[in-house]
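Please read the structure below before turning to the comments.
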Amino acid sequence: MRGFLSILSLGVLLLLSCNKNDSTTVKPVTPVSFTQPAGWPNAVYNFAENPLTEEGIALGKKLFYDGRLSKDGQFPCASCHQQDAAFGTFAHDLSHGFNNSHTLRNAPPLQNLAWYSEFHHDGGITHLDLQPLAPITNPVEMAETIDNVLNKLRADATYRMMFTAAFGSEEINTKRMTQALSQFMLTMVSADSKYDKVMRGESTFNLPESLGYDIFKQKCASCHKEPLFTDLSYRNTGIPMDAVLQDKGRMRITQNPADSLKFRVPSLRNIMVSSYYGHDGRFFDVYQVLEHYNSGVINGPTTDPLVKNKIPLSNFEKGQLVAFFTALTDSAFLKNKKLAQP
Amino acid sequence: MKQLASLFLIIIVVALGCRKKSDTAATDVPVTISIQHAAGAAPLQLGTQVTIASGDPVTINVFKYYLSNFSVVYDNNEEQKIPDSYFLVDEANATSKSFSIPLKAGQVKTLRFWIGVDSARNVSGVQTGALDPANGMFWTWNSGYIFAKLEGRSFVSTAPLQAVTYHIGGFRTGQNALRQVSIPFSTSLPITAGSRFNIILQADALKWFTDAANISIATESTTMEPGALALKIANNYANMFSLKEVQY
């Protein structure tokens, strides 16, 4: 019997040896687990296809902050997605791109992306991994070609080393580059604001925050659904089309007139640090946004039924709402060194 | 003796285990698909002016497209799908116009494939190889493959530089430009272990402008997004392929 066992183990060893694999020379990756905040819906990103690793996240972070992803070296992802503005563009309507150009829309904050299956204000991008290709190739953003970016990375020994560490070989292709960027962006989770602490029973709202939360639940929460503070739907909130930008929103993707002027409901998380507001950044502060719902809604064929009769808000209610919005600021996220420029 | 027998057994198991993919490859017969591009009766020449069905002149400079999801139908009506069969065919790149697909032995009566890329690959993140977005056949702002590209010039075009630009794609409901091609063989191809078939297909670029509906370059010079003109052209080029010859 012992002889049989040893022959069996020899057989197992032989079997293992036919499993040809170059990984003998490559260090194993260090897995990172994705934390699903308690009470949140399940994340929709397919982590099985792109498991988080320390090496992949580090590579994604380097790419995110590297200007070489743009044509002239001046426009890393981080030029429009700034950490202290919840990875939006601080105090800008439209963002600046290559050769003094401006973008079509306001740069959205990047947070909790693992819960999104469509990206851009119009939802035109169907996968987080595909998202970086849009700004990289857009002539008014980074203005580069994918091929040029890949060639710049291939010429850099540090990148070759980091791609090897993250993916097991030196090969640098679009899929690996965008998967690494996704890994880094997936770590941009904002779930530690005062609101979150209150929900977890670790803190309590003060009176204005509490009054604001009640008003929010009554007048805002059906679209800005907790805990993401968006229901991820596309809606026309009665913001008239800018004559120069001519942006028809979701209809640009679906070509369906019923989608004209619809944009995705933005999250309210970190709203107090991510001005300006609206898909084209036309509102300078949150009071202007609130006044839009109170008095500015323009009705058209696709205006959302929930806003077409406007949302009456007194000055008192606006003040309490803003107190509640402040409780959505997640300073741990905004100051997280792991997300900061290396 | 019992130990010797089990040793033999293990060696056999190991040997079978090591065969892995090579044993399926042994029964697959590579069949070559070669594509020749035409402009009507003449071979397509990039940069040479031709006349389309409406009478408009056009000079084609870029002509490329994806072929995908190949399958064959055998005489017993069994269909064999070729997994991961995605090819980017480019008139300007000779090696892209010939590729091989692995078939099982049998009597093949029909070859099928799609012009374009199936919706699953349009929504499942970044692909590699022929489908790498770095190949320039991908809309980055409205995720999806450009299934087929024809670019050129025509003096009846009202676009800047008198350009003719057809980037055809779209996988969403109401925008689906994916078109299937079916090539029946008058005599079934006897695929056997040693056979070396070369199926030569012809694709007529002028079909983009006619067949289901005529295209007028003066009013329809440009499409670079999914939609009505893309569908109109896809309905035309769905019939651009014909069987030219089978070599063996």
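Going through A:Met142, A:Met199, A:Met177 one at a time, which residue ends up being within 21 Å of A:His279 (Cβ to Cβ) and crowded, with 16+ Cβ neighbours inside 10 Å?
Exactly one residue qualifies, and that residue is A:Met142.
Taking the condition of being farther than 23 Å from B:Ser119 by Cβ and either within 14 Å of chain A (Cβ to nearest Cβ) or not acidic (Asp, Glu) (or both), how many residues in the range B:141-158 meet it?
Of the residues in the range B:141-158, 7 are farther than 23 Å from B:Ser119 by Cβ and either within 14 Å of chain A (Cβ to nearest Cβ) or not acidic (Asp, Glu) (or both).
In the range B:173-198, how many are buried (at least 19 other Cβ atoms within 10 Å of the Cβ) and within 14 Å of chain A (Cβ to nearest Cβ)?
Number of matching residues: 2.
Just give me the residues in the range A:120-131 being part of a loop (DSSP other than H, G, I, E, B) and either more than 7 Å from every other protein chain (Cβ to nearest Cβ) or over 21 Å from B:Ala120 (Cβ atoms) (or both), in sequence order. Before you say what the answer is, go through the steps one by one.
Taking the range A:120-131 and keeping what is part of a loop (DSSP other than H, G, I, E, B), we get A:120-124, A:126-127, A:131.
Those that are part of a loop (DSSP other than H, G, I, E, B) and either more than 7 Å from every other protein chain (Cβ to nearest Cβ) or over 21 Å from B:Ala120 (Cβ atoms) (or both): A:His120, A:His121, A:Asp122, A:Gly123, A:Gln131.
Hey, A:Gln320 hits all of (1) buried (at least 19 other Cβ atoms within 10 Å of the Cβ); (2) polar (S, T, N, Q); (3) part of a loop (DSSP other than H, G, I, E, B) but one; which does it fall short on?
(3)
Can you confirm whether the range B:109-123 contains a residue that is under 26 Å from B:Gln80 (Cβ atoms), part of a loop (DSSP other than H, G, I, E, B) and more than 14 Å from chain A (Cβ to nearest Cβ)?
Yes: one or more hits.
How many residues are assigned to a helix (DSSP H, G or I) and within 17 Å of the chain's Cα centre (by Cα) if we restrict to the range A:178-205?
Of the residues in that region, 9 qualify.
If B:Leu161 satisfies all but one of (1) away from chain A (no Cβ under 11 Å); (2) touching a residue at least 24 places away in the same chain (Cβ under 8 Å), what's the number of the condition it fails?
Of (1) away from chain A (no Cβ under 11 Å); (2) touching a residue at least 24 places away in the same chain (Cβ under 8 Å), only one is false for B:Leu161: (2).
Of the residues in the range A:224-268, how many are within 12 Å of another protein chain (Cβ to nearest Cβ) and part of a loop (DSSP other than H, G, I, E, B)?
Looking only at that region, the number is 3.
When you scan the range A:137-155, how many residues do you find that are in a loop (DSSP other than H, G, I, E, B) and either within 9 Å of chain B (Cβ to nearest Cβ) or of a type in the set (Asp, Glu) (or both)? Before the answer, list the steps.
Taking the range A:137-155 first, the residues in a loop (DSSP other than H, G, I, E, B) are A:138-145, A:155.
Keeping just the survivors that are either within 9 Å of chain B (Cβ to nearest Cβ) or of a type in the set (Asp, Glu) (or both) gives A:138, A:141, A:144-145.
Summing the residues that are in a loop (DSSP other than H, G, I, E, B) and either within 9 Å of chain B (Cβ to nearest Cβ) or of a type in the set (Asp, Glu) (or both) in the range A:137-155 gives 4.
Pairs needed: first member in the range B:217-243, within 14 Å of chain A (Cβ to nearest Cβ); second member anywhere, hydroxyl-bearing (Ser, Thr, Tyr) and in a strand (DSSP E or B); C-beta distance under 7 Å; at least 6 residues apart or different chains.
Short answer, once both residue conditions are applied: B:Thr223/B:Tyr166; B:Met224/B:Thr165; B:Leu229/B:Thr223; B:Ala230/B:Thr223.
Of (1) assigned to a loop (DSSP other than H, G, I, E, B); (2) among the hydrophobic types (A, V, I, L, M, F, W, C); (3) closer than 30 Å to A:Phe47 by Cα, B:Ala130 satisfies all except one. Which?
Single failed check for B:Ala130: (1).
Select from the range A:278-306 the residues that are in contact (Cβ under 8 Å) with a residue 40 or more places away in the chain, hydrophobic (A, V, I, L, M, F, W, C) and crowded, with 19+ Cβ neighbours inside 10 Å and list them in ascending order.
Of everything in the range A:278-306, just one residue is in contact (Cβ under 8 Å) with a residue 40 or more places away in the chain, hydrophobic (A, V, I, L, M, F, W, C) and crowded, with 19+ Cβ neighbours inside 10 Å, namely A:Val297.
Let me confirm something: among A:Ser182, A:Ser233, which residue is polar (S, T, N, Q), outside the structural domain of A:Val265 (by TED's automatic domain parsing) and in contact (Cβ under 8 Å) with a residue 12 or more places away in the chain?
None of the others qualify; the one that does is A:Ser182.
Keeping to the range B:185-224, report how many residues are in contact with a His (Cβ under 8 Å, 6 or more places away or on another chain) and assigned to a loop (DSSP other than H, G, I, E, B).
Matching residues across the range B:185-224 total 1.
Since A:Ala134 meets every condition but one in (1) within 13 Å of chain B (Cβ to nearest Cβ); (2) hydrophobic (A, V, I, L, M, F, W, C); (3) not in a helix (DSSP H, G or I), which condition does it not meet?
(3)
The values are calculated or read from the model by the stated rules, or taken from the named source; none is laboratory data. Remember, it's a predicted structure, so these values are computed and weren't measured experimentally. Note that each Cβ is placed from the backbone with ideal geometry, even for glycine, and that neighbours are counted across all protein chains shown.
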